[in-house]
Amino acid sequence: STLDEPILTTIGRDFGKVGRKTIQVLYPKGRDNALREWDLWGPMFFCLSLAVIMSFLAPGQQASAVFTGVFALLCIGSCVVTLNCKLLGGHVSFFQSVCTLGYCVSPMVIASLITLLAHRIIVTIPVVAVAVAWSISASVGFLAGAQLANRRLLAVYPICLFYICIGWIIII
Amino acid sequence: MSYGRPNNDYNIVVDVDEDEPTLEFQDFATAPNMQQGRMNTSGSAPPYQPPASTGGGGEADTGSYSVWHVEYWARYFNVDSRDVVQRVFLAVVPKDSFLDVYNANPDLWGTFWIPTSVVFAMFVTASLSQSIAKILAGGKREYDFTMLSFATFTVYSYVLTVGAFVYLATKYFGSQPGLMECLSVYGYAMAVWIPISILCVLPLDWFRWAVVAVGFVSSGFFIMRSVNQIVGRSNGKLHKAIIPLLLVAHALLVIVFKFKFFSYTVASVSPTSPGQPSTPAATPTPTPTSH
């Protein structure tokens, strides 16, 4: 059983799962098999790292306000967007959707890292734009299995709003 | 004048009186939860079917769910994309009656997501105009994150408190409002501020005032017309007095918007006073004190 194996194996397996899911989001080839089993480690990790990077980018004494704000926005935003999908009649499980939205934040983390390293706005805007488009298309691809007939727009719009909001905070 | 109806199922004794609404016994033996089943046989009040109330259990066709189940609230999200677009249109260009369209199929999607979009749009455009002004003034580009929390707080509390106030006031005075429709009137009324905030990025003060005035007139007219329709459902005149109150509240909101979000000119962002909302300065020149 898993209690007998060395700790590194256990941790390694969890990291492997997280890594596989991240790569599934970043390079979506084939069907979304990895995302079927949800976990919240990945979203938590991306959420925290994004909040930390944003607080580095924040002006002056607002660093902690920015950290709090970004973290809250990510957590509450994922929940609200998921709730919206469920309420519109989509067939998604709550945690799976939160997990997917969290993993789709990973391009934004990459974009914010690039922003941190290169403070030039001429670099920031296209990079963040690409990252936002990437995140949106990844999560919309996941939504394709949720069977929303005429309400696709109503479900996709909050997702776009969510990622554009994060992207804007990175640009700014 | 009173008469009894000899009926096998129930006896209704009706007092017909010109000024008061009729008193009658409601039949609760058959179909207790049918909202359409109110036997309104009076001649004095217009036969109005009140919209689906939130209090009673959701016994329509989803079975009986309580408030804590998602399925209970899913009733209110039964709209398609086309419907929402149509409702937003009706809110921005108040040609036809919004409430008639809305009450046929009440939805909460617009009521929540439109104020949220407004919050976000105003934060984006305000920080954009602040950054532009700072760049033009030669200072370092920075932004004010607390603006986002302020925007969230203002918009949400306005929609919730004033909407709830309208609901309670009209309910107290005898109209039959629905909580959902009161909140939705205010939620959809916010829709006009999204294009206005985009337009207000242009640092021309008179233009901003003009655009804000247009927005105030449009959303104010929409709110007034809808509230008037709700108020008109009962016959009293007393509670038309709440309409000027609503107008004042709306004007206050618009003024807060203008001065907090739409006021970044170059003159206001000299390095000595970062991020202060300006008094309307007409000329976009840097302040003499900065150099």
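Note on exposure: B:Y188, B:Y167, A:Y157 ranked by accessible area (1.4 Å probe, complete protein assembly) read A:Y157, B:Y167, B:Y188, with the most exposed listed first. Report the accessible surface area buried between chains B and A, summing both sides, using a 1.4 Å probe on protein heavy atoms only, in Å² rounded to the nearest 100. Chains B and A together bury roughly 2600 Å² of accessible area. When the other protein chains are added to the chain by itself, burial of at least 50 square angstrom of heavy-atom accessible area (probe 1.4 Å, ligands and nucleic acids ignored) affects these residues of the stretch B:104-121: B:W109, B:W113, B:F120. Rolling a 1.4 Å probe over the heavy atoms of the protein chains gives the stretch A:44-147 an accessible area of 43 Å² per residue. In this structure A:I76 has an accessible area near 100 Å², from a 1.4 Å probe over the protein heavy atoms. Within the accessible area of the stretch B:128-231, the carbon and sulfur atoms contribute 78%, probe 1.4 Å, all protein chains present. Computed extension length for B:K260-B:M224: 10.5 nm, one decimal, from 0.36 nm per residue of separation with the Cα-Cα distance subtracted. Of the residues in the stretch A:86-116, those shielded by at least 10 Å² of accessible area once partner protein chains are present, compared with the chain alone at a 1.4 Å probe, are A:K86, A:L87, A:L88. Within 10 Å of the Cβ of each residue in A:153-161, the mean number of Cβ atoms contributed by other protein chains is 4. Cα centroid separation, the stretch A:65-99 to the stretch B:193-236: 31 Å. Distance between the modelled labels on A:L116 and B:V93, one decimal in nanometres: 4.8 nm (7 Å Cα→Cβ projection). Per residue, the stretch B:119-211 exposes an accessible area of 39 Å² to a 1.4 Å probe, with every protein chain left in place. For the stretch B:145-194, accessible area lost to neighbouring protein chains reaches 10 Å² or more, against the chain alone with a 1.4 Å probe, at B:F145, B:T146, B:L148.
The values are calculated or read from the model by the stated rules, or taken from the named source; none is laboratory data. For clarity, every value in this text was computed on a predicted model and none was experimentally measured. Here Cβ is always computed from backbone atoms with ideal geometry, including for glycine, and neighbour counts include all displayed protein chains. For the accessible areas, the whole protein counts, side chains as well, though only heavy atoms, and no ligand, DNA or RNA atoms are used. Shrake-Rupley method; radii C 1.70, N 1.55, O 1.52, S 1.80 Å.
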